[in-house]
Amino acid sequence: MKKEKHVNIEKQTERNNKIKEFLKSLIFPVILTAIILTGVFVVINYQNAPVEEEIIEIHAFAGDDKPIVMENDAIKFTMDPTSTQFSVEVKDSHKIWYSNPEGAENDSSALPEEKNKLQSPLLISYAVETGLETSFNAYEQSILNGIYEIEQGDDYIRVNYSLGNVEKEYVIPPVLTVDNYKKWTSGMDNKDSDTVSQYYKKYDINKLGKKDNKEELLENYPELANQVLYVLRSNTKEQMRKKLQGIFEGVGYTYEDYVADKEFDFSERSSDKPIFNASIIYRLDGDDLVVEVPFDSLEYKKDYPIYTLTPLPYFGAGGKSDEGYLFVPEGGGSLINFNNGKTSQATYYANVYGWDMCLSRDAVVHNTRAYYGVYGVASGDDSFICILEDGRTYASIQADIAGKNHSYNFVNAIYSISQREQYDVGDIANSDIYKYIEKLPQESIVQRYSFVSSNSYVDMAKDYGDYLKDKYGDYLKLNTDSNVPVNIEVIGAIDKIKQIVGVPVRRPLKLTTFKETASILSTLHDEGLSNMSVKLLGWCNGGVRQQILKSIKLNSSLGSKKDLKNLCDTANSLGINLYLNGITQYAFDSNLLDGFFSYTDAAKFISKERAQLMEYSRTTYSERDDLDPYYLLHTEVAAKMSDNLVKYAQDLGVGAAFENDGRDVSSDFYKKKSYSREAVSRLHEDRFKSLDSTKVMINMGNDYAIPYVDFVTGMDLRGSEYTIIDECVPFYQLAIHGYIDYAGRPLNICGNAEDALLYSAEYGAGLSFSIMKESAFALQKTLYTEYYGSNFDSCHQYIVDTYNRYNSELGHTFCQEMTGHDNLTETVSLTEYEDGTKVYVNYGYEDYTEGSVTVPARDYKVVR
């Protein structure tokens with residue numbers, strides 16, 4: 001019996017254990033199921049949660065047609081409040097400039113949409129997720145609907161525009177009390193009274209219909225709690241609203257009555273249609289008109305971000321019967337004559353400061369670039385320049401002639417507001433998807449219109465030069481140079497693929513050692529090259545395409561640090577300004593061993609992906625898969641690289657040459673700390689400004705940098721000579737010559753040394769040369785074939801002869817302002833200086849004679 005009981009106990013225990021094991025086995029599935037159910041519950045409730053509706057408050061015009069005037073001793077600003085178009089009268093010359101072309105509404109060459117644009121002081125475009133872009137103009141989408149307001153202060157006029165296909169405001173009661181309803185309908189005939197009764201619904205809070213939502217009605221019309229109301233039906237069409245307005249107007253209903261009745265209406269009607277708010281502020285500042293568009297005035301729905309914005313797109317536009325030209329910042333400057341007949345050519349377009357490298361792209365056909373933000377118009381005997389002050393990093397300059405879409409010649413700045421990035425989702429959708437920046441920075445667009453009582457581009461340039469001198473003060477001082485500034489770029493090392501144990505590895509390839517550089521500089525100095533600045537390329541961290549400058553490591557094949565120190569001492573003793581070149585914005589061929597961790601050190605695209613960049617083919621325009629990608633550095637990391645370069649140069653008693661800063665400006669959408677493109681340009685400017693005790697060299701010469709640097713190399717003197725352009729002129733150089741040393745590309749490797757030398761003579765530029773000690777054969781099987789012409793033994797005599805002639809004839813002009821310029825013919829130009837020196841440049845293949853002066857073909861001649 002005991003044994004049987006014991007067996008039963010064992011069976012019971014075994015059964016209990018199995019039950020426990022079974023229950024244990026259910027724990028994980030039960031927990032997992034609970035988690036999933038909880039997740040589903042959260043998702044369902046999240047998706048069903050009410051999304052806060054985006055409300056764009058609509059402006060409404062409530063003024064009269066009395067002109068609005070601002071005036072000072074120099075100019076008079078007069079605005080027509082019914083159109084917000086305005087005129088500016090320059091009192092000295094009595095020239096009147098118009099914000100929009102007069103008579104544009106009657107332009108027989110323009111389609112209705114173009115006529116509307118011509119009458120608009122503001123153009124915008126918006127985009128959607130698929131990238132589709134739609135244009136709105138203030139005339140059609142705001143002014144005609146009366147959805148704008150004008151505010152005048154002591155020193156400004158502000159126009160607040162609402163743009164969109166919104167319901168027009170009709171002066172009809174949205175809500176009526178019973179007494180008011182009877183009051184107005186009693187004065188109507190039976191037909192009108194019946195019409196009104198059809199479109200007003202009577203609500204009694206105690207007698208609601210089955211479909212009426214009591215809470216919603218009380219929220220929208222709180223007075224319902226106290227009395228019965230008549231409410232205009234929300235689905236009343238515009239045509240009927242217009243008819244109702246006539247009916248109520250006929251019985252004496254006024255705008256004041258309308259305002260009083262609106263007090264009973266708390267409903268917010270909105271639609272899914274795109275609606276935008278934008279403001280333009282006008283001020284007079286001495287002789288100038290200043291125009292501002294604050295970013296905090298730009299309102300839009302998340303699904304319809306403002307993509308571009310163009311303030312005053314047709315200010316000063318010239319008609320078919322006008323004589324004048326458009327000035328655009330292509331190269332040193334370019335002119336497009338009014339009505340030049342080139343209607344088959346593309347519109348002029350150039351990005352200020354080039355492409356933002358933190359915006360991804362799949363192909364590059366042509367990089368447009370303007371390194372200063374100025375454009376202008378000359379019409380009749382007068383002109384103006386428009387200086388882009390704030391927000392110019394987002395700007396592109398565009399210009400076109402009459403005869404294409406309408407009868408007017410115009411130039412303006414179009415601003416990229418909500419930057420975007422394209423996603424390829426071909427596997428799940430038939431179109432691309434775009435992601436836009438989530439929030440606009442607290443910045444503004446500011447344009448300054450400066451009026452010139454002359455139609456000469458020389459006077460326009462001088463006006464710009466005066467602006468720069470007033471703005472930068474002592475940072476822009478006249479040079480004391482008595483010799484031509486010359487830049488010598490010494491190529492220390494490049495990278496080349498070498499096989500190490502059968503593995504291809506990049507290694508520095510020596511081209512010029514530190515000792516060889518010192519010897520070359522001594523030789524050139526002894527042979528007459530004075531006022532010499534030397535940029536040392538490829539001296540550290542791998543070669544010309546440097547690895548990240550987290551730590552600076554000399555290329556040992558070039559010599560020791562003592563050899564570099566001796567080179568610096570040699571340069572200083574000879575009065576040569578030596579600059580150590582550094583790449584501070586990018587990381588080439590860098591990894592953890594170099595101190596580069598791409599996940600934290602790289603900038604971020606809008607998608608928050610690392611800003612990995614590619615080289616592009618000049619043949620196919622697409623990405624080159626055979627070349628390694630590189631990275632744009634996070635803004636704060638780039639700043640540290642700049643500091644590292646400067647400190648190393650300061651320790652050696654020489655200058656710092658920035659390969660990128662002063663030329664490239666890129667935003668950074670880093671999650672923890674984002675930087676707008678405008679903010680980055682200001683950081684660069686502040687850095688240059690702080691380096692007062694260090695000599696600084698930059699490339700290209702962006703306008704915000706030039707007051708603080710000592711030498712600008714690689715300046716684009718002529719730009720891309722687009723067919724729509726009629727003349728190339730040294731506008732920028734007329735403004736800065738004598739204050740900043742600048743030079744174009746190295747003559748001996750630029751592709752056409754003869755043209756480059758003539759450009760330098762016409763534009764008042766110094767000279768630049770590229771040298772290396774090794775022969776051109778060393779460059780075989782490398783990516784640096786552009787240096788084939790740099791072998792010092794081959795170009796030595798050319799450098800000496802070219803410089804000595806140029807210096808003997810033009811050296812005295814580099815401490816003077818450039819005072820005049822004229823294109824005498826299509827191939828001959830004349831540049832003049834303060835002391836009366838004239839420089840004739842003949843690009844033609846025949847001699848040119850003017851009076852007693854003969855300029856040989858393909859040469860320059862200096863007359864003193």
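The values are calculated or read from the model by the stated rules, or taken from the named source; none is laboratory data. Bear in mind that the values here come from a model prediction, so they are computed numbers and not experimental data. Note that we place each Cβ from the backbone using ideal geometry, even for glycine, and neighbour counts take in every protein chain shown. Accessible surface is based on the protein model in full, side chains and every heavy atom, while ligands, DNA and RNA are left aside. Shrake-Rupley method; radii C 1.70, N 1.55, O 1.52, S 1.80 Å.
State the three equivalent ellipsoid semi-axes of the stretch 369-424, derived from the C-alpha gyration tensor as the square roots of 5 times its eigenvalues, in descending order and whole Å.
Ellipsoid semi-axes (Å, largest first): 26, 17, 8.
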(request) Lys and Arg at +1, Asp and Glu at -1: add these up for the other residues within a Cβ distance under 12 Å of Leu747 and post the number. (result) -3
(message) Quick check: convex hull over the Cα atoms of the chain, volume per residue in Å³, rounded to an integer?
(response) 274 Å³
(request) Diagonalise the Cα gyration tensor of the stretch 793-834 and give the resulting equivalent ellipsoid semi-axes, square root of 5 times each eigenvalue, largest first, whole Å. (result) 26, 16, 6
(request) Quick one: divide the alpha-carbon radius of gyration of the stretch 215-371 by 2.2 N^0.38 Å and tell me what you get. (result) 1.73
(request) Please state, as a whole number in µm²/s, the translational diffusion coefficient that the Stokes-Einstein equation yields for the stretch 375-463 at 20 °C and 1.002 mPa s, with Rh defined as the Kirkwood radius across alpha carbon pairs. (result) 131 µm²/s
(message) With θ taken as phi - 60° and the coefficients 6.51, -1.76 and 1.60, list the Karplus ³J(HN,Hα) couplings across the stretch 563-571 in order, rounded to whole Hz; mark glycine and proline as x.
(response) 5, 5, 4, 5, 4, 4, 5, 4, 4
(request) For the stretch 516-647, evaluate the Debye formula with one uniform point scatterer on each Cα (no solvent term) and list log10 I(q)/I(0) at q = 0.09, 0.13, 0.19, 0.21 Å⁻¹, rounded to two decimals. (result) -0.36, -0.67, -1.05, -1.17
(request) Order the following by accessible area, largest value first: Trp184, Trp355. Probe radius 1.4 Å; ligands, DNA and RNA are ignored. (result) Trp355, Trp184
(request) Just order 715-724, 318-327 by mean Cβ neighbour count inside 10 Å, highest at the front, would you? (result) 318-327, 715-724
(request) Kindly report the accessible area of the chain per residue (heavy atoms of protein chains, probe 1.4 Å, no ligands, DNA or RNA), in Å². (result) 47 Å²
(request) Using per-residue counts of other Cβ atoms within 10 Å, averaged over each peptide, order 560-573, 541-554 from highest down. (result) 541-554, 560-573
(request) Go through the stretch 371-388 residue by residue and turn each phi into a ³J(HN,Hα) via Karplus (6.51, -1.76, 1.60, θ = phi - 60°); whole Hz please, and just put x for glycine and proline. (result) 9, 8, x, 9, 9, x, 9, 10, 9, x, 9, 10, 7, 8, 10, 10, 9, 7
(request) Give Lys562/Lys773; Lys91/Lys462; Lys471/Lys672; Lys182/Lys207; Lys535/Lys640; Lys604/Lys781 a once-over and call out the pairs whose C-alpha atoms are over 23 Å from each other. (result) Lys471/Lys672; Lys604/Lys781
(request) With just the Cα atoms of the stretch 121-186, tell me how far they stretch along each of the three principal axes, in Å, largest first. (result) 52, 43, 18
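Using helices alone, what [θ] at 222 nm do you get for the chain, with -39,500 (n - 2.57) per DSSP H run of 4 or more residues, divided over all residues and rounded to the nearest 500?
Calculated at 222 nm, the ellipticity per residue is -8000 deg cm²/dmol.
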(request) Write down the Kirkwood hydrodynamic radius of the stretch 779-860, to one decimal in angstroms, obtained as one divided by the mean of 1/r over all alpha carbon pairs. (result) 15.4 Å
(request) Report the extension gain between Leu144 and Leu440 in nm, rounded to one decimal, defined as 0.36 nm multiplied by the number of residues separating them, less their alpha carbon distance. (result) 103.7 nm
(message) Considering all alpha-carbon pairs of the stretch 236-294, what whole percent are spaced by more than 18 angstrom?
(response) 66 percent
(message) What distance in nm lies between label points placed 7 Å from Cα along the C-beta direction at Arg864 and Thr347?
(response) 5.0 nm
(request) Using a 10 Å cut-off on Cβ atoms, rank the peptides 413-423, 466-476 from the highest mean neighbour count down. (result) 413-423, 466-476
(request) Over all alpha-carbon pairs of the stretch 123-268, lay out the pair-distance distribution in 5 Å bins, whole %, shortest bin first. (result) 2, 8, 15, 16, 15, 13, 11, 9, 7, 4, 1, 0
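List the pairs from Lys115/Lys302; Lys115/Lys342; Lys498/Lys647 whose alpha-carbon separation is above 24 Å, in the order I gave them.
Those over the limit are Lys115/Lys302; Lys498/Lys647.
Share of the chain's accessible area from carbon and sulfur, percent, 1.4 Å?
48 percent
Can you give me the convex hull volume of the Cα atoms of the stretch 296-346, divided per residue and expressed in Å³? Spell out each step's value before the answer.
On the way: hull volume 8.7 nm³, N = 51.
Output value, Cα hull per residue: 170 Å³.
Quick check: net charge around Phe410, other residues with Cβ under 12 Å of its Cβ, Lys/Arg +1 and Asp/Glu -1?
Within the 12 Å Cβ shell, the charges total -1.
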(message) Show log10 I(q)/I(0) for the stretch 206-252 at q = 0.22, 0.23, 0.28, 0.30 Å⁻¹, two decimals, from a solvent-free Debye sum over equal Cα scatterers.
(response) -0.87, -0.89, -1.01, -1.08
(message) Taking 37 °C and 0.692 mPa s as the conditions, I'd like the Stokes-Einstein D for the stretch 615-708 in µm²/s, using the Kirkwood hydrodynamic radius from alpha carbon pairs.
(response) 220 µm²/s
(request) Report the normalised scattering of the stretch 325-370 as log10 I(q)/I(0) at q = 0.13 Å⁻¹, calculated by the Debye formula with identical scatterers on the alpha carbons. (result) -0.40
(message) I want the local charge near Ala62. Using Cβ-Cβ distances under 14 Å, sum +1 for each Lys or Arg and -1 for each Asp or Glu among the other residues.
(response) -4
(message) Once each part is reduced to its C-alpha centroid, what is the distance from the stretch 68-83 to the stretch 501-534 in angstrom?
(response) 62 Å
(request) Could you give the C-alpha radius of gyration of the stretch 566-612 expressed as a fraction of 2.2 N^0.38 Å, taking N as the number of residues it contains? (result) 1.85
(message) I'm a student and want to see the number: the projected area of the Cα convex hull of the stretch 59-157, averaged over all directions, in nm².
(response) 8.7 nm²
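In terms of solvent-accessible area of protein heavy atoms at a 1.4 angstrom probe, what is the ranking of Leu284, Leu224, highest value first?
Correct descending sequence by accessible area is Leu284, Leu224.
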(request) With all protein chains present, calculate the accessible area of Tyr586 using a 1.4 Å probe and round the result to the nearest 10 Å². (result) 10 Å²
(request) Divide the volume of the convex hull of the Cα atoms of the stretch 331-403 by its number of residues and quote the answer in cubic angstrom per residue. (result) 114 Å³
(message) Using the crude model of +1 on Lys and Arg Cβ and -1 on Asp and Glu Cβ, and no other charge, please compute the dipole size for the stretch 231-316 relative to its Cα centre, in debye to 20.
(response) 680 debye
(message) Using a 7 Å offset from the Cα along the Cα-to-Cβ direction at both Asp628 and Leu593, what is the distance between the two label points in nm, to one decimal?
(response) 1.0 nm
(message) Given bins 5 angstrom wide, list per bin the percent of all Cα-Cα distances in the stretch 449-501, short to long.
(response) 4, 12, 12, 11, 12, 11, 8, 7, 6, 6, 5, 4, 2, 1, 0
